Amino acid sequence: MKKFISIVIVLTAFVQASAQKIIHQEVFSPKMNKKIKTIIITPNPEPNTTYPSVYILHGFSGNPDRIIKQDLPDLVQKAQEYKTIYVLPDGDYSSWYVDSPIVKNSQYQTFIGKELVEFIDKNYPVKPEKKFRGILGWSMGGYGATNIGVTYNKTFGIVGSSCGALDFNTFKEGYQKYMVNKILGPLEFLNPNFLTDSKIKLMGTADQQYIFDCGTDDSQMIEMNRNFHKKLTEAKIQHLYIESLGGHVPEYWSRSLSEQLALFERFFRK
């Protein structure tokens, strides 16, 4: 009986320790006056140790729970292997991670680039320096990571986009299908500051690392990613651009995001 009780205690302690790696929180946004569901994944904590952090932005219609169940199911293991804290905010299905000029309670650029970073820095053992903080995402999240990362270039040292929606002007029916118009208004009246191209000049002096990738079978995103790569090259902005087989599907971005996280880890260890 005593042996059985000991086993139960050990198993309970193991479950509690494992649970500490995946933390579900609701983080208050002063600008939006609401709480945002966020998942924080940590390595096993060590005394007097701080860790790099990476903010991961899901795609259109996604959420943080889906990230850890489907998009990056080994993220807990990666947190331990890379000794990195991963932060997964809920992008509210279709926020496009912008400060919307027409929807007052959709101000996700400020939330992620400022408010959430401040919360994480205050409550978790993260390294505060820019060189130890990154941001990446895919599809809608690739757009969000690029624009937030570059805008807050004193906060993030490395920025990654996988199969990102990097050009609204060539998004065609996707602009309405993926509800960009609900957040930013009609394309013909779009403020050019919301175009990723508007960030290119700033990228030249931002002192950041950039990674972009896209699947060769991704008919919707491949040409806009190629064009953005071309523009960065013409502007002589150092970046890594990768194409590999795959479409706009979880199988592609699950692999590409894993590869990017490995590159992020190398950057942090420089």
Can you work out the accessible area per residue across the chain, with the rest of the protein chains kept in place, probe 1.4 Å, in square angstrom?
48
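Arranged from highest to lowest average of other beta-carbon atoms within 10 Å per residue, in what order do the peptides 112-120, 89-97 appear? Provide the component values of the computation, followed by the final result.
Numbers: 112-120: 20.2, 89-97: 22.2.
Ranking the peptides 112-120, 89-97 by packing returns 89-97, 112-120.
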Using only Cα atoms, find the angle between the long axis of helix 2-19 and the longest principal axis of the chain, and express it within 0 to 90 degrees, rounded to the nearest 10.
20
So what does the Cα-only Debye profile of segment 184-256 read at q = 0.11, 0.23 Å⁻¹, as log10 I(q)/I(0), no solvent term?
-0.34, -1.06
For the chain, average projected area of the Cα convex hull in nm²:
15.7
Ordering of 185-195, 260-270 by burial proxy (mean other Cβ atoms within 10 Å per residue, highest first):
260-270, 185-195
Quick one: with all protein chains in place, what share of the accessible area of the chain is carbon or sulfur, to the nearest percent (1.4 Å probe)?
55
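When each pair of different Cα atoms in segment 135-270 is counted once in the 1/r mean, what is the Kirkwood radius in angstroms, to one decimal?
Values: mean 1/r = 0.0666 Å⁻¹.
Evaluated on segment 135-270, it is 15.0 Å.
Give me the tail of P(r) for segment 13-151 as a percent: Cα-Cα pairs with distance above 20 Å. Spell out each step's value before the answer.
Values: 4121 of 9591 pairs.
When every Cα pair of segment 13-151 is considered, 43 percent fall beyond 20 Å.
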Nearest 10, in degrees from 0 to 90: the angle of helix 140-151 to the longest Cα principal axis of the chain is 80
Dipole check, the chain, charges on Cβ (K,R +1; D,E -1), about Cα centroid: among PHE268, LEU136, ASN181 the Cα furthest to the positive pole belongs to PHE268
Taking the dipole about the Cα centre of the chain, with the C-beta of Lys and Arg at +1 and of Asp and Glu at -1, give me whichever of MET203, PHE156, PHE168 is farthest to the positive side.
PHE156
Could you tell me the convex hull volume per residue, in Å³, taken over the Cα atoms of segment 113-198?
103
On alpha-carbon atoms, Rg over Rh for segment 72-165 using Kirkwood Rh?
0.96
Give the angle, between 0 and 90 degrees and rounded to the nearest 10, that separates the Cα long axis of helix 222-234 from the longest principal axis of the Cα atoms of the chain.
80
Answer with one residue from ILE23, TYR97, VAL54: the one whose Cα lies farthest towards the positive end of the charge dipole of the chain, charges on Cβ with Lys, Arg +1 and Asp, Glu -1.
ILE23
Mean Cβ neighbour count within 10 Å, used as a protection proxy, ranking 51-60, 139-148 highest first:
139-148, 51-60
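The values are calculated or read from the model by the stated rules, or taken from the named source; none is laboratory data. Since we're looking at a predicted model, the values are computed, not measured. Don't worry about glycine lacking a Cβ; one is built from the backbone with ideal geometry, like all the others, and counts go over all protein chains shown. Remember, those area values only see protein heavy atoms, side chains included, never the ligands or the DNA or RNA. Shrake-Rupley method; radii C 1.70, N 1.55, O 1.52, S 1.80 Å.
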